[in-house]
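Here the structure comes first, spelled out in structure tokens, and everything after it is commentary.
The values are calculated or read from the model by the stated rules, or taken from the named source; none is laboratory data. Source: prediction; values computed, not measured. Note that each Cβ is placed from the backbone with ideal geometry, even for glycine, and that neighbours are counted across all protein chains shown. To get the accessible areas, we keep the full protein, side chains included, count just its heavy atoms, and leave off ligands, DNA and RNA. Shrake-Rupley method; radii C 1.70, N 1.55, O 1.52, S 1.80 Å.
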Amino acid sequence: MLECFIKECDSSWRLSPLYSTMSEVADEYPVEDSCLIDMDACYETFDKDGDGQLNLEEFRLICKALFRNDKGHIYPLSEERLRHMFQVFDRNRDGAIDREEFAFCWNHWIKVIVRPTSAFLIVDVQNDFISGTLNISKCNAQQDGSEVVEPINWLLSTVPFDCVFYSLDWHPPDHVSYIDNVHMRELHPSSPVSADKAQAYDTVVFAGPPPMKQRLWPRHCVQDTWGAELHKDLKVVEGAVMVYKGTNPEVDSYSVFWDNKKLTKTSLSTQLRERNVTDIYICGLAYDVCVGATIADALAIGYRSVLVDDASRGVELADIERTKDTIVSNNGVIVDSHQVLSMVEGRDRRPELGYKLAMELKTALEEDK
């Protein structure tokens with residue numbers, strides 16, 4: 001029913017199965033035709049005791065209607081998180097959400113959860129990471145990078161993302177990350193390995209200033225080479241945006257948002273803001289390096305972020321598990337590709353992402369004071 005509320009007079013939603021959702025959580029209240037239901041009708045329906053405001057128990061009913069999968073299963077929500085979210089919308093701290101406060105909740109929280117604007121970000125599915133100089137199947141995790149192509153192509157063909165981005169490592173020949181360039185820059189005395197003894201995948205410390213840790217990689221994804229091209233079987237959709245990273249020879253760039261020193265942004269943040277994106281689905285190569293750094297930044301910036309597990313492959317199993325822990329601990333979600341469509345369409349609504357959004361709203365409200 002919340003989708004009917006948010007679609008507000010859109011006749012295409014008159015027969016929405018979410019009618020039954022409302023009946024389950026507030027079955028003693030008659031539900032009018034969806035074309036007549038608006039924000040006030042939603043407020044009045046969940047105002048179970050009719051006192052003109054929503055208490056914690058009535059807000060709990062909203063969350064039960066809101067946080068469900070496409071089969072109608074209600075996701076569990078801890079009491080602590082329920083209270084945290086309630087407090088975000090009870091802005092005057094009187095123990096209830098009045099109509100003015102609910103208008104904020106409706107416009108900035110419920111609408112986003114039910115009608116997200118979703119971006120699909122495909123990270124570094126390039127030749128060198130699949131069969132070239134930095135073929136990740138030869139790394140410790142021994143995962144085949146080519147296996148991400150099929151689920152990514154399926155998602156591109158079946159899911160109506162609002163926008164699609166492809167990132168590419170795009171390094172100049174003298175890039176700081178290349179093992180064969182290690183002699184080009186002075187190492188700091190604290191470096192655990194000397195330039196003469198350094199090998200691929202070692203970590204050194206360059207002198208700077210300031211001193212900078214750098215993991216050394218085989219030469220890869222050099223600008224305008226075959227290795228830097230997207231894999232030939234990867235579908236490239238019309239209207240997609242290419243984001244190039246790692247173009248500065250002096251600093252590496254794992255995240256698609258920033259270089260590793262957080263000195264320079266790519267174009268991604270601007271592109272996402274221009275499209276009013278709320279949710280980002282991220283996958284690609286490598287799970288525990290560029291994919292992991294990208295979703296960590298997306299969460300830090302405030303996006304509702306989802307990692308597509310079966311469309312990602314990595315380098316080190318332990319680092320992949322650490323990446324997963326980071327995502328979950330920061331209110332991100334990890335899913336398989338078959339779960340994405342219902343989430344993008346607003347039929348599968350995860351409480352972790354709802355909580356993430358509520359906490360971002362809390363931060364924004366505090367900063368405005």
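In this structure, residue 190 does satisfy being small (Gly, Ala, Ser) and either touching a residue at least 12 places away in the same chain (Cβ under 8 Å) or crowded, with 19+ Cβ neighbours inside 10 Å (or both). Scanning the stretch 36-49 for residues that are without any contact (Cβ under 8 Å) to a residue 12 or more places away in the chain and buried (at least 18 other Cβ atoms within 10 Å of the Cβ) yields one hit, 47. Only one entry in 204, 182, 149 is modelled with pLDDT of 95 or more and part of a strand (DSSP E or B), namely 204.
For the stretch 316-335, filtered to residues that are open to solvent by 20 Å² or more (accessible area, probe 1.4 Å) and touching a residue at least 40 places away in the same chain (Cβ under 8 Å), the residue that is farthest from residue 75 (Cα to Cα) is 316.
Taken together, 265, 232 contain a single residue that is open to solvent by 80 Å² or more (accessible area, probe 1.4 Å) and over 22 Å from the mean Cα position of the chain (by Cα), which is 232.
Between 227, 239, the distinction of being open to solvent by 50 Å² or more (accessible area, probe 1.4 Å) and either of a type in the set (Phe, Trp, Tyr) or in contact (Cβ under 8 Å) with a residue 24 or more places away in the chain (or both) belongs to 239 only.
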